[in-house]
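Report on the following structure.
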Amino acid sequence: MKTYRIAQIFEKVNSLDERKRCLLCGKVVCNVRNHYYVHFPGKYACSLCTAVYTRSDTLLMHCRSKHPELNVTIIP
Ligand SMILES: [Zn+2]
Ligand SMILES: [Zn+2]
């Protein structure tokens, strides 16, 4: 199955709104990371950038090294 990065499948609804529209199903969602799992279960995507990993611990390591200013927890 072809996979997409989060930035590729979500577009802004409008500039004043945090919600994004999913290009795969047309749904407007607030939490793009949660919605990404709907289409790509088993993929763990960073909500802060476009990185996607297949393991939650790898994503957690990514967040700790790339986004150390944030106290990130991953909910599997
Ligand atoms: Zn969708
Ligand atoms: Zn990241």
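The values are calculated or read from the model by the stated rules, or taken from the named source; none is laboratory data. Here the structure is a predicted model, which is why all the values come from computation and not from measurement. As a convention, Cβ positions derive from the backbone with ideal geometry for all residues, glycine included, and neighbour counts pool all protein chains shown. Ligands, DNA and RNA are stripped out before the accessible areas are found, and what is left, the full protein with its side chains, is counted by its heavy atoms. Shrake-Rupley method; radii C 1.70, N 1.55, O 1.52, S 1.80 Å.
Tell me the net charge near Lys20. Cut-off is 12 Å between Cβ atoms, Lys20 excluded, with +1 for each Lys or Arg and -1 for each Asp or Glu.
So the surrounding residues net to +2.
Can you list residues from other chains, or at least 5 along the same chain, whose modelled amide H is less than 5 Å from the amide H of Phe10?
Close amide H contacts, sequence-distant or interchain: Leu23.
With the other protein chains left in place, how much accessible area per residue, in square angstrom, belongs to the chain at a 1.4 angstrom probe?
Dividing the accessible area of the chain by its residue count gives 70 Å².
Summing +1 for each Lys or Arg and -1 for each Asp or Glu, what net charge is found among the other residues whose Cβ lies under 10 Å from the Cβ of Asn31?
In short, +2.
Calculate, for Ala7 and Asp57, the FRET efficiency according to 1/(1 + (r/R0)^6) with r their C-beta to C-beta distance and R0 25 Å; round to the nearest 0.05.
About 0.60, to the nearest 0.05.
Suppose a student asked you for the relative contact order of the chain, using Cα pairs under 8 Å spaced at least 6 residues apart; what percent would you report?
Across the chain, relative contact order equals 19 percent.
Please determine, in degrees from 0 to 90 and to the nearest 10, the orientation of helix 56-66 with respect to the longest principal axis defined by the Cα atoms of the chain, where the helix direction is its Cα long axis.
Approximately 80 degrees, to the nearest ten.
For labels at Arg21 and Leu70 in the simple 7 Å Cα→Cβ model, what's the distance in nm?
2.5
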